[in-house]
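Worksheet for the structure shown next.
The values are calculated or read from the model by the stated rules, or taken from the named source; none is laboratory data. These numbers were taken from a predicted model, which means no experiment stands behind them. In this analysis, Cβ positions are derived from the backbone assuming ideal geometry, glycine residues included, and neighbour counts consider all displayed protein chains. Just the protein is used for accessible areas: all its heavy atoms, side chains included, with ligands, DNA and RNA removed. Shrake-Rupley method; radii C 1.70, N 1.55, O 1.52, S 1.80 Å.
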Amino acid sequence: MAAYLTHQQKVLRLYKKSLRHLESWCIFRDKYRFYACLLRGRFDENKGEKDMVKATKMLKAGEEEFWANQHPQPYLFPDSPGGTSYERYECYKVPEWCLDHWHPSEKAQYPDYFAKREQWKKLRAQSWEREVQQLQEETPADGPKSEALPPARREGDLPPLWWQYVTRPRERPM
Amino acid sequence: MYMTPMMLSSSLVLTLNILLYPLLTALDPTPKKPQWASTHVKTAVSTAFFISLIPLMMFLDQGTESIMINWHWMNTSTFDINISFKFDHYSLIFTPIALFVSWSILEFASWYMHSDPYMNRFFKYLLLFLVAMIVLVTANNMFQLFIGWEGVGIMSFLLIGWWYGRSDANTAALQAVLYNRVGDIGLILSMAWMATNMNSWEIQQIFFLSKDFNMTLPLLGLILAATGKSAQFGLHPWLPSAMEGPTPVSALLHSSTMVVAGIFLLIRLHPLMENNQLALTTCLCLGALTTLFTATCALTQNDIKKIVAFSTSSQLGLMMVTIGLNQPQLAFLHICTHAFFKAMLFLCSGSIIHSLNDEQDIRKMGGLHKLMPFTSSCLTIGSLALTGTPFLAGFFSKDAIIEALNTSHLNAWALALTLIATSFTAVYSFRVVFFVTMGTPRFLPLSPINENNPAVINPIKRLAWGSIIAGLIITSNFLPLKSPVMTMPFMLKLAALFVSIIGLLSAMELAAMTSKQFKTTPTLPLHNFSNMLGFFPSTIHRLMPKLNLTLGQLMATQLLDQSWLEKSGPKGIASMQIKMSTHASDPQQGMIKTYLTIFLLTSTLAILLMLL
């Protein structure tokens, strides 16, 4: 992804957030639907604008209008950042290396899992060097541009940092 | 003849021991069964409740109160600290009520926290909180009260930050601790004053000696303590933030029991305050300001738990007003009735939240009247009790308070604020009921909502019974210690009911407007003021740390090096000298010839005058 947003992305982001704030203001769905249609109409009548200067000025005016009319406590979904149950279960997410510290009697309760786990750990040790090499090759000189990890490029290679992904905790721990 | 005090004391000691037993067994390292929470803790609390009814009946029948000194803990030749419990009118009534409410909440929590892996620890924390609260309520000396005070503060911190992976929860827990700490400064000030001036921390001795002293300073300290613990204006933001904790925590701590600890302190030490007009006026005005401010904030909130939290804060302000009116027993009555319906409001909202998959915003609830009829009717009953509907629980305490306020010859401004806050109570209660229960659903089609589980229904049912009849039972069995004003003008008598009805009617009108076609955003700037909580947290939470950090930076960098080594020594002296010399040398401009000429002229003039 490039470092800047396109005009289309900016307009669409403005539209979505103004719809969300409109939803926070108009509590009942029928009223919200009415005003949402009006807002869509306002966006649609200018969507064919070819002059970029004028379009950017309209976008700026739209952002100002959004800022003036935004809701001080917009509705956030509970699991989204800032919501009421966001990160609520982080404290129950135990990292997978704790499994190594289990007592042998506890490990004996799950023999097939721990047998396979040894094989996976051997595989991880084998592929680690190649993962690091791939990441070092692909990262640009002044640091990575985003958190997205690249896929495996070569035949017979595993994707870099696959172990962290495979052993990540569940979204909602038990 | 002597059976009664012995039975009283033994049943109260038994109550405390029953509550302590699960905590002591929890020290055992063998892990507990998952049902330990329900089987051991909940039955302990319910058994303790039934046993604590025995002393209550004895108090009703014969008026026995008792003070038990259990252990001479730290005794010097001049100062005694004992473990002593005082079971008087206040603690004998409060203990069964607190145990009843806790029993219901624990039963509810066994459903609400069912999927939590550390449910046993949760119940242990709640039980430890309950023990600390009872220690606070039954304390006969300031030291034991302080132990209970700090205990409930710490348990509040641990329970608010129960989901410690969430940064907001950690912030809220820290906020609670810091605001309570500011209040603790007041309490420690009062304790120190009492220790140095009255040489004792026993309540009886303090009451006896208080006539000889000017008690203004310790009373202001106690009011500061109550401001911190009971979320009065100035130290109030921690209470809405405390809603980050699970709903049983909000129901137990931040509505019924912990937040009333500050008011309870003032009630317990009320004889000190009776004659001190400054303290009474401070309580009155602070309480009136709190109740109006927090009721205003509650009007536009959208999170159901925050609305109930602000309503708690508003009722605490009302209790503070009552103390300012010199009516501690009315404040105590309001504490008792408030515990029932506020806990029930929280349990109903918890049931709704859990059924809607953790949805807390009232903008996405609706139509629950048909889907959860029992819960929504109990929500309505709780809201009606809160607004002071005649003959429900809240009426007996709230109406009595407003009558006392109307007929007292005190601050009319406080009266006006309290009446406005009472109408706001009706407004936001109606708002909650309107958005949550009426209309059509605005949430996603989810797993079917049901009310099958008796672990949810029975606690709410018990608390609903309490909300309806508790006011009647308490007022008919316990005579008021001060006779209320018996006659007053008709309008004053009906003032509370009148303003509540006005509030309700205007709320219904405004609610009907929400679905009509008006402008989407509000036209008045007041909405922002109310929604952003009066901008109090936004300013104070940034201003205070900035001031303190700037002060710290100045002290660290400039205090020693710049001030003491430079400015008070060489550079300071140098700058003073330079100033003085510039002032002195400015007039001198080096015009020698002019000076000589003037000198000659004036000396010639002087000689001529002398010769003449």
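What number goes with the only condition from (1) open to solvent by less than 80 Å² (accessible area, probe 1.4 Å); (2) farther than 30 Å from B:THR418 by Cα; (3) part of a helix (DSSP H, G or I) that B:GLY534 does not pass? Result: B:GLY534 passes all but (2).
Condition check: within 30 Å of the chain's Cα centre (by Cα), within 30 Å of B:PHE434 (Cβ to Cβ), surrounded by 13 or more Cβ atoms within 10 Å (Cβ to Cβ) and outside the structural domain of A:LEU149 (by the TED database). Does A:TYR32 satisfy that? Spelling it out, A:TYR32 is indeed within 30 Å of the chain's Cα centre (by Cα), within 30 Å of B:PHE434 (Cβ to Cβ), surrounded by 13 or more Cβ atoms within 10 Å (Cβ to Cβ) and outside the structural domain of A:LEU149 (by the TED database). Consider B:LEU189 carefully, then state whether it is within 25 Å of B:ASN75 (Cα to Cα), among the hydrophobic types (A, V, I, L, M, F, W, C), modelled with pLDDT of 95 or more and surrounded by fewer than 21 Cβ atoms within 10 Å (Cβ to Cβ). Considered against the rule, which asks whether it is within 25 Å of B:ASN75 (Cα to Cα), among the hydrophobic types (A, V, I, L, M, F, W, C), modelled with pLDDT of 95 or more and surrounded by fewer than 21 Cβ atoms within 10 Å (Cβ to Cβ), B:LEU189 comes out as yes. Could you check, for the range B:143-157, whether at least one of its residues is surrounded by fewer than 23 Cβ atoms within 10 Å (Cβ to Cβ), in a loop (DSSP other than H, G, I, E, B) and modelled with pLDDT under 95? No, because not a single residue in the range B:143-157 is surrounded by fewer than 23 Cβ atoms within 10 Å (Cβ to Cβ), in a loop (DSSP other than H, G, I, E, B) and modelled with pLDDT under 95.
Considering the range B:430-469, and only residues there that are among the aliphatic types (A, V, I, L, M) and at pLDDT below 90, the residue that is least open to solvent (accessible area, probe 1.4 Å) turns out to be B:ILE449. When the residues of the range B:111-138 are filtered to those that are farther than 21 Å from B:PRO246 by Cα and touching a Gly at 6+ places or on another chain (Cβ under 6 Å), the one that is surrounded by the most Cβ atoms within 10 Å (Cβ to Cβ) is B:LEU136. Across the range B:364-402, the number of residues qualifying as in a helix (DSSP H, G or I), of a type in the set (Gly, Ala, Ser), in contact with a helix residue (DSSP H, G or I) (Cβ under 6 Å, 6 or more places away or on another chain) and within 20 Å of B:TRP465 (Cα to Cα) comes to 7. Name, by its number, the condition in (1) hydroxyl-bearing (Ser, Thr, Tyr); (2) assigned by the TED database to the domain that holds B:HIS409; (3) closer than 12 Å to B:THR291 by Cβ that does not hold for B:SER355. Tallying (1) hydroxyl-bearing (Ser, Thr, Tyr); (2) assigned by the TED database to the domain that holds B:HIS409; (3) closer than 12 Å to B:THR291 by Cβ, B:SER355 fails exactly one: (3). Scanning the range B:472-495 finds no residues that are open to solvent by less than 20 Å² (accessible area, probe 1.4 Å) and either more than 25 Å from B:ILE335 (Cβ to Cβ) or within 14 Å of chain A (Cβ to nearest Cβ) (or both). Which residues, taken from the range B:313-363, are farther than 30 Å from B:THR440 by Cα, in a loop (DSSP other than H, G, I, E, B) and either open to solvent by less than 10 Å² (accessible area, probe 1.4 Å) or in contact with an Asp or Glu (Cβ under 7 Å, 6 or more places away or on another chain) (or both)? Hit for the range B:313-363 is B:ASN326, nothing else.
Evaluated against (1) open to solvent by 40 Å² or more (accessible area, probe 1.4 Å); (2) outside any helix (DSSP H, G or I); (3) among the small types (Gly, Ala, Ser), A:ALA61 falls short on exactly one condition, (2). With respect to being out of contact with any Phe, Trp or Tyr (no Cβ under 9 Å at 6 or more places or on another chain) and touching a residue at least 40 places away in the same chain (Cβ under 8 Å), B:ILE307 falls outside the description.
Residue by residue, here is whether (1) closer than 30 Å to B:GLY367 by Cβ; (2) open to solvent by less than 60 Å² (accessible area, probe 1.4 Å) holds:
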position: A:VAL11; (1), (2): no, yes
position: A:ARG20; (1), (2): yes, no
position: A:TRP25; (1), (2): yes, yes
position: A:ALA36; (1), (2): yes, yes
position: A:THR56; (1), (2): no, no
position: A:GLU65; (1), (2): no, no
position: A:TYR75; (1), (2): yes, yes
position: A:TRP102; (1), (2): no, no
